[in-house]
Amino acid sequence: MSTTPILYSYRRCPYAMRARMALKYAGIEVEIREISLRDKPKHMVAISPKATVPVLVINDSRVIDESLDIIYWALEQSDQAGWLASNIDTAKALIAENDSGFKAALDAYKYADRYPEKTQEEHRADGEVFLQKLEDLLAQYDGLNGALPTLADIAIFPFVRQFRGVDIKWFEASQYVRLNQWLLGLIESDLFTSIMQKHPTYIE
């Protein structure tokens with residue numbers, strides 16, 4: 001029986017990023033299995049039929065296949081900096097907004113040709129509603145929910161990073177000055193750089 005948890009992951013997936021960051025923060029060693037989106041491991045699909053990453057397998061028996069559930073499990077094991085200590089209901093509401101409306105706007109902005117009902121700029125404007133909310137929060141705190149980082153920062157950051165990546169020059173020249181600083185600080189953090197190391201594609 002394996003004692004090291006297995007994490008099926010995809011390096012550039014924002015959901016997998018936030019799960020990896022939480023696991024790393026909690027000091028939980030995992031076996032990273034980097035998947036190919038075109039040829040997903042049969043074992044992963046068998047234990048998690050939705051066939052999306054991340055998927056965490058604990059002791060060959062327990063399967064956690066939602067990124068937020070992986071984060072909460074990791075923080076139950078260790079939360080030395082108190083990510084869960086500050087305004088957890090506020091954090092959960094902000095994350096829910098990120099994962100629904102903002103994620104939809106992000107996808108439409110990034111893949112605008114698939115969403116021709118609006119221009120790319122209009123899709124970007126839809127996402128900016130959430131960006132402005134984050135900018136306003138950062139006028140009050142170092143992070144989105146108090147001290148930096150907390151649960152909200154880690155869960156939302158990979159999606160804002162992806163939004164920035166669609167047009168970096170536009171994002172850096174935008175009015176979201178605090179958000180830019182927050183984002184770059186997280187991108188350059190030891191935690192993020194450590195979880196972005198490349199792994200060979202897992203072959204069964």
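Arranged from highest to lowest average of other beta-carbon atoms within 10 Å per residue, in what order do the peptides 106-112, 36-42 appear?
106-112, 36-42
What number comes out for the charge environment of Phe157, summing +1 per Lys or Arg and -1 per Asp or Glu over other residues with Cβ under 11 Å away?
Values: positive: Arg18, Arg161, Arg164; negative: Asp153.
Here the count lands on +2.
One quarter of the convex hull surface, Cα atoms only: what value does that give for the stretch 88-190 in nm²?
6.2
Any lysines with Cα under 26 Å of the Lys118 Cα? List them, leaving off those in the same chain fewer than 8 positions away.
Lys103, Lys110, Lys133, Lys169
With a 10 Å Cβ neighbour count serving as the proxy for reagent exposure, in which order, fewest first, do Ile58, Ile6 appear?
By the 10 Å Cβ count, ascending: Ile58, Ile6.
Placing +1 at every Lys and Arg Cβ and -1 at every Asp and Glu Cβ, with all other atoms neutral, what dipole size does the stretch 12-139 have around its Cα centre, in debye to the nearest 20?
480
Assign unit charges at the C-beta atoms only (+1 for Lys and Arg, -1 for Asp and Glu), then state the dipole size of the stretch 88-190 relative to its Cα centre in Debye, rounded to the nearest 20. Could the numbers behind the result be given before it?
Details: 11 positive and 18 negative charges, 23 e Å.
Charge dipole of the stretch 88-190: 120 debye, to the nearest 20.
What relative contact order, as a whole-number percentage, does the chain give when Cα pairs under 8 Å and 6 or more residues apart are counted?
The value is 25 percent.
Per residue, what volume in Å³ does the convex hull of the Cα atoms of the stretch 25-146 enclose?
In the stretch 25-146, the Cα convex hull volume per residue is 140 Å³.
Show me the ranking of peptides 143-149, 179-185 by mean Cβ neighbours inside 10 Å, starting with the highest.
On the way: 143-149: 20.9, 179-185: 18.1.
Result, highest mean first: 143-149, 179-185.
For Lys24, list the lysines whose Cα falls under 21 Å from its own Cα; do not include residues on the same chain fewer than 8 positions away.
The qualifying lysines are Lys92, Lys198.
Let me know the charge dipole size of the stretch 6-80 about its Cα centre in debye, to the nearest 20, where only the beta-carbon of Lys, Arg (+1) and Asp, Glu (-1) is charged.
Dipole size: approximately 400 debye.
Taken together, the values in this text are just the output of simple stated rules run on the coordinates, not laboratory data. Remember, predicted model here, so these are calculated numbers, not experimental data. Here the Cβ is made from the backbone with ideal geometry for all residues, glycine too, and neighbour counts use every protein chain on show.
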